[in-house]
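One structure is given here, and the rest of the page talks about it.
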Amino acid sequence: MNAWEAMVNMLKAEGIDFIFGIGDSSLQLYAEKIDGIRNVNLRYEGSAPFMAMAYTRLSGKPGICTASTGPGTANLLPGVLEAYSGCSPVVIINAANSQKTYGMGEFQETDQIALMKPITKWSARIPYPDRIPWFLRRAFSIALNGQPGPVFLEMPYDVSGKSRWELHDIGNPQYVPAKKVRTGGDPELIKEAAALLTKAKRPVAVSGNGTVLSGAAKEFQRFIERLGMPFLTTPGGRGILPETHPLALGVCGYYRTKVGKEVYADADLVFTVGTRNESYSTHQWRDFPEGARFIQIDIEPFEIGRNWLPDVGIVGDARLVLGQLFDAMQDASAAGKDFREMPGVKEIMQAKEDFEKEVAAECLVEETPMPAKRAVYELSRAFGGNTILVSENGAQDCWSYCWPYFEMQDDSECVPVAEQTCMGMGVVGAIAAKLTRPEKNVVCVTGDGAFQMYMKELPTAAQYKAGCTWLVLNNSAFGWVKHHQMTNVGWNTVSFQVQPDFVKWAEACQCYGRRVEKASELRPALEEALKANKEGRPAVVDVAVGLDMAHFKRAE
């Protein structure tokens, strides 16, 4: 058995469904021989880690990507950096130059481990064929466990070039897949946290990316309903529960909206789970209620007290710790009470209802050019529940991240960009999202700047019949850059003087395309896009919008 073929059999034992690359790697070459693993061949290596991130977010399995040696590997770096920032368990497996000739100037010779080491949890070279199972199992274990993240493996040509195995027990039947290990919290700290929660009058929870990665949705819902505790999410934690839930207040930090801002500011206890409390999620660490107590839960000890010092910091898996806290509070007086009847909850529900009406009136005003918030609002209502929102970086996130402009409804999920906010992640991530969850609607809200960086993958989406939609909010500029230039110096240098016709590009790539310039055209265009998606045809809805950054002024 060839070494690469053996490795693909091991990946199958790990339950892997897809390998993302451009088809030029040995890993993908031998994957074609294995039933159950599907190659997704892209137009650009740089798309592969982003697609692996979307896959792992929605499947709960590590995402696999690969590239050729040298420049192919270098093209992966932005996506691997994003995966590292987002704690995304992506496993990158590449070939490498022969150890026998290393340093002699072999074709595409590159120190790939040096490139990958700063932006991965682990980067390693497989030195001998009989060590392949150990290295692969180790890679999966490191990627999945503790604070998840990307890992990199390379197999030199002089290791993979052997035509047959020297050992008989190296194939798939003997390979033992890696397991996810969950750790609970210190029982004494659980008691301390439960005591603080019992005493709190106005607690507020913040759910982060780690809560989603832990698969803790049921435990989180049971916990917050037990306490009648309103909650916000970080961008990475969005989708842990529908934003239609009575206690949901939208995204925190820079993306907070009126009700969430008011309830959070009045809290006497902040309870964060699975978030590092980074800059964007905390409004540059300014958003801590005065005098409030603080409980922090995280899988990684390094994150406890990294920014805000907790009264109680618990290291452990979100699912297990939430279960422990729930059990520790069973004797509290509110046990068995409908959370909707708890103090303050009715007021929050009414405030949400009033704010939703306010936003509807705000968004449905006729303006030219159309405000970006109108397009996002209409999108949320047209696509409804059972939708995966694949987030993108750019000026459009002023509205697509913000409840209730876009509202995560029942059976909906979110694929976030991480704190590095590498442009294009959402554009290509939408394709992987549809391949991973073909039964769901998939939409990416993107600006025209980010879209142009990765619209090269539209033919890939069409080829694999990945019926997703890109809503392109087109202001003919890099919106954030233009906003900063206009604010600071009064002019800009980034408005695009030459802009592609996105409808023609979509049609050239065998996708549905439609240009929208009037609000009355928007809903029909979105309905047509959904219809095309259900037929396996990707869709581009190009909406002419103005530069609207009003949300960030209100977030202050």
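Some observations on this one:
- Scanning the stretch 22-37 turns up one or more residues that are without any contact (Cβ under 8 Å) to a residue 24 or more places away in the chain, surrounded by fewer than 24 Cβ atoms within 10 Å (Cβ to Cβ) and within 24 Å of M455 (Cβ to Cβ).
- Considered as a group, the residues in the stretch 99-123 that are of a type outside the set (A, V, I, L, M, F, W, C) and buried (at least 23 other Cβ atoms within 10 Å of the Cβ) include one that is modelled with the highest pLDDT, and that residue is T120.
- Identity of the residue in the stretch 65-86, closer than 18 Å to D111 by Cα and out of contact with any strand residue (DSSP E or B) (no Cβ under 9 Å at 6 or more places or on another chain), that ends up surrounded by the fewest Cβ atoms within 10 Å (Cβ to Cβ): P71
- Filter result (part of a loop (DSSP other than H, G, I, E, B), under 14 Å from Q452 (Cβ atoms) and touching a residue at least 60 places away in the same chain (Cβ under 8 Å)) within the stretch 477-522: F478
- Taking the conditions (1) surrounded by 24 or more Cβ atoms within 10 Å (Cβ to Cβ); (2) in contact with a helix residue (DSSP H, G or I) (Cβ under 7 Å, 6 or more places away or on another chain) in turn, Y280 satisfies each one other than (1).
- In the stretch 8-24, the residues that are of a type in the set (A, V, I, L, M), within 16 Å of I92 (Cβ to Cβ) and touching a helix residue (DSSP H, G or I) at 6+ places or on another chain (Cβ under 6 Å): V8, M10, I19
- Residue within the stretch 59-69 that is over 22 Å from the mean Cα position of the chain (by Cα), within 25 Å of D158 (Cα to Cα) and touching a residue at least 60 places away in the same chain (Cβ under 8 Å) present: no
- Among the residues making up the stretch 177-213, those that are in a helix (DSSP H, G or I), within 30 Å of the chain's Cα centre (by Cα) and over 19 Å from F288 (Cβ atoms) are I190, N209, G210, T211, V212, L213.
- Test: residue in the stretch 89-103 that is under 25 Å from G15 (Cα atoms) and either of a type in the set (D, E, K, R) or outside the structural domain of P150 (by TED's automatic domain parsing) (or both): no
- Condition met for A96 (touching a strand residue (DSSP E or B) at 6+ places or on another chain (Cβ under 9 Å), farther than 29 Å from T211 by Cβ and surrounded by 20 or more Cβ atoms within 10 Å (Cβ to Cβ)): yes
- Residue check: Q330 meets all listed conditions (1) within 32 Å of the chain's Cα centre (by Cα); (2) free of Cβ contacts under 8 Å to residues at least 24 places away in the same chain but one, namely (1).
The values are calculated or read from the model by the stated rules, or taken from the named source; none is laboratory data. If you're wondering where the values come from, they're calculated on a predicted model, not measured in any experiment. Cβ coordinates were reconstructed from backbone atoms using ideal geometry, including for glycine residues, and neighbour counts include every protein chain displayed.
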